[in-house]
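Engineer: After the structure tokens below, expect a handful of questions from me.
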Protein chains: 2
Amino acid sequence: MTDRKPLRRDARDNAAKLRAAALETFLAQGLDAPLEVIAKHAGVSIGTLYNRFGSREGLIDAVIPDVAGARLQVLAADVLAEPVAKDRLQAFLHGMIDLQIADPALNDAILRRYPDAVALIGICEHTMALGRDLIDEAHREGVLAPDFTADDLLNLLWLAGTAAREPHAPNGWRDTLERALASAWT
Amino acid sequence: MTDRKPLRRDARDNAAKLRAAALETFLAQGLDAPLEVIAKHAGVSIGTLYNRFGSREGLIDAVIPDVAGARLQVLAADVLAEPVAKDRLQAFLHGMIDLQIADPALNDAILRRYPDAVALIGICEHTMALGRDLIDEAHREGVLAPDFTADDLLNLLWLAGTAAREPHAPNGWRDTLERALASAWT
DNA sequence: ACTTAACTTGAGGCATGCCTCAAGATGTGA
DNA sequence: TCACATCTTGAGGCATGCCTCAAGTTAAGT
């Protein structure tokens, strides 16, 4: 299901160069980086990029899920290593916001820009499911107010992601935002 | 200091049509609406728009401060009509977010896009000063935690403004955001 | 060595939106 | 009525960025 007919050697090399350039550029600038920049960076024509990957979404799917998956998995592991439910939830929110700030590409992925980048979607779903679980758990343990729902958590992440994309963001937005969770501990 | 030499009648009429079109368009679409749309809407060429107002900022300043000032003044009056400090602050945040959602132009103004639209800046300063006063007041009365600062309030407004500009915002972001203030009552 | 399918190329067409300026139109005072 | 300063016009140049496709190049099988 992966590659049907083997690529010609030059095509394979170009694809590799494009992947590398795309990865670097996406991570630095976000998933909306101009494709022409990536092609140039790879030392290849824009036409070749389209030949190989078909579309921006194709390129994204070819390059981002690995990295995103890895980073989110690390986060999940860190979170689950926390012994206390409250700390787990806290670590999740904190870690997600860290990622959203540090990694424009992952942030774009989380915010569901590029809904056609199919491979990414699953990964994000998975992470959001973890968030929901943590909320449920906190409710069960009675450490989180029942009116702080999973939707609140998603809203918080959406707000953070949106804020993280702004170049002229004010300094303390992150702390201000995290107050919303802090207000819900019982 | 307003108008030095009287405009020719046709010029005056066109300016009026442009103002009207600009007001309507800005309020509906925000301050970054294409100027060509405004010119067309006014039934006038894009060249005339530039002749009369020089730049987007010129047009903004000619049209928005009045409306923005009026709306913010209404808000200020409503806020100050509240007898209790806590309610005043609450009403301020709530009212500001209402405006930011309902009025893209005012939202742009508050977020300080278009820093060259000089006349707007003063009006916004004035409103932010009110916000700061309300925070101080709440601190003095001891109803607001000291670690919730005026900066937190501005961050909240910035977050709201940023969120309000997103077309695909999730539903409850506003409530989630207001939790951050709710968490700070003593 | 030759053939040919596979691959690459980049100019060029598309769209959006900015802003200008030479040419033409028109209000207005004499 | 007429001259002319004032105004209007919109095509066109700029920039960004998308995507395509006819022509040229090249890997690889015989």
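Please treat every number below as a calculation from the coordinates, not as lab data. Being a predicted model, the structure only gives us computed values, none of them experimental. Because the Cβ atoms are built from the backbone with ideal geometry, glycine has one as well, and the counts that use them run over all protein chains shown.
Yes or no, residue by residue, for (1) within 14 Å of another protein chain (Cβ to nearest Cβ); (2) out of contact with any strand residue (DSSP E or B) (no Cβ under 6 Å at 6 or more places or on another chain); (3) on the phi > 0 side of the Ramachandran plot; (4) within 11 Å of DNA strand C (Cβ to nearest atom):
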| residue | (1), (2), (3), (4) |
| --- | --- |
| B:ARG9 | no, yes, no, yes |
| B:GLN29 | no, yes, no, yes |
| B:ALA42 | no, yes, no, no |
| B:GLY58 | no, yes, no, yes |
| B:ALA91 | no, yes, no, no |
| B:ASP108 | yes, yes, no, no |
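Engineer: Now for a different question. Return the pair list, or none, for Cβ contacts closer than 8 Å from residues in region B:36-51 that are over 13 Å from B:ALA16 (Cβ atoms) to residues that are outside any helix (DSSP H, G or I) and near DNA strand D (Cβ under 8 Å from one of its atoms), at least 6 apart or on different chains.
Structural biologist: Qualifying pairs under 8 Å: B:ALA39/B:SER45.
Engineer: Another question, then. Of the residues B:ALA129, B:ALA163, B:ALA145, B:ALA182, which is surrounded by 17 or more Cβ atoms within 10 Å (Cβ to Cβ) and aliphatic (A, V, I, L, M)? It would help to see each step written out before you state the result.
Structural biologist: Numbers: B:ALA129 fails: surrounded by 17 or more Cβ atoms within 10 Å (Cβ to Cβ); B:ALA145 fails: surrounded by 17 or more Cβ atoms within 10 Å (Cβ to Cβ); B:ALA182 fails: surrounded by 17 or more Cβ atoms within 10 Å (Cβ to Cβ).
Criteria check complete, one pass: B:ALA163.
Engineer: Sticking with this one: Which one is nearest to DNA strand D (Cβ to nearest atom), of the residues in region A:49-98 that are among the basic types (Lys, Arg) and over 28 Å from A:ALA182 (Cα atoms)?
Structural biologist: A:ARG56
Engineer: Also, I was wondering about something else. Quickly run through region A:35-72 and pick out the residues that are outside any helix (DSSP H, G or I) and among the hydroxyl-bearing types (Ser, Thr, Tyr).
Structural biologist: Within region A:35-72, the first condition is being outside any helix (DSSP H, G or I), and the residues that meet it are A:43-45, A:54-55.
Within region A:35-72, A:SER45, A:SER55 meet the criteria.
Engineer: Within region A:138-148, which residues are more than 9 Å from chain B (Cβ to nearest Cβ) and on the phi < 0 side of the Ramachandran plot? Walk me through how you get there before you give the answer.
Structural biologist: The initial filter retains those residues of region A:138-148 that are more than 9 Å from chain B (Cβ to nearest Cβ), namely A:138-147.
Across region A:138-148, the qualifying residues are A:ALA138, A:HIS139, A:ARG140, A:GLU141, A:VAL143, A:LEU144, A:ALA145, A:PRO146, A:ASP147.
Engineer: Here's another thing I want to ask about it. Do we have any residue at all in region B:149-165 that's under 30 Å from B:GLY54 (Cβ atoms), within 13 Å of chain A (Cβ to nearest Cβ) and of a type in the set (Phe, Trp, Tyr)?
Structural biologist: Yes.
Engineer: Then there is this: Can you tell me which residue among A:LEU23, A:LEU31, A:LEU27, A:LEU18 is more than 11 Å from DNA strand D (Cβ to nearest atom), touching a residue at least 60 places away in the same chain (Cβ under 8 Å) and within 22 Å of the chain's Cα centre (by Cα)?
Structural biologist: On the way: A:LEU23 fails: touching a residue at least 60 places away in the same chain (Cβ under 8 Å); A:LEU31 fails: more than 11 Å from DNA strand D (Cβ to nearest atom); A:LEU18 fails: touching a residue at least 60 places away in the same chain (Cβ under 8 Å).
None of the other options fit; the residue is A:LEU27.
Engineer: Let me confirm something: among A:ALA77, A:ALA15, which residue is in contact with a Lys or Arg (Cβ under 8 Å, 6 or more places away or on another chain) and either part of a helix (DSSP H, G or I) or away from DNA strand C (no atom under 15 Å from the Cβ) (or both)? Spell out the reasoning first.
Structural biologist: Numbers: A:ALA77 fails: in contact with a Lys or Arg (Cβ under 8 Å, 6 or more places away or on another chain).
From the options A:ALA77, A:ALA15, the qualifying one is A:ALA15.
Engineer: Now for a different question. Quick one: which residue in B:ILE38, B:ILE46 is surrounded by fewer than 19 Cβ atoms within 10 Å (Cβ to Cβ), within 14 Å of DNA strand D (Cβ to nearest atom) and among the hydrophobic types (A, V, I, L, M, F, W, C)?
Structural biologist: B:ILE46 is the lone residue from the list that is surrounded by fewer than 19 Cβ atoms within 10 Å (Cβ to Cβ), within 14 Å of DNA strand D (Cβ to nearest atom) and among the hydrophobic types (A, V, I, L, M, F, W, C).
Engineer: Related question: Report, by residue number, each residue of region A:80-106 that is over 19 Å from A:THR186 (Cβ atoms), crowded, with 22+ Cβ neighbours inside 10 Å and over 14 Å from the mean Cα position of the chain (by Cα).
Structural biologist: none
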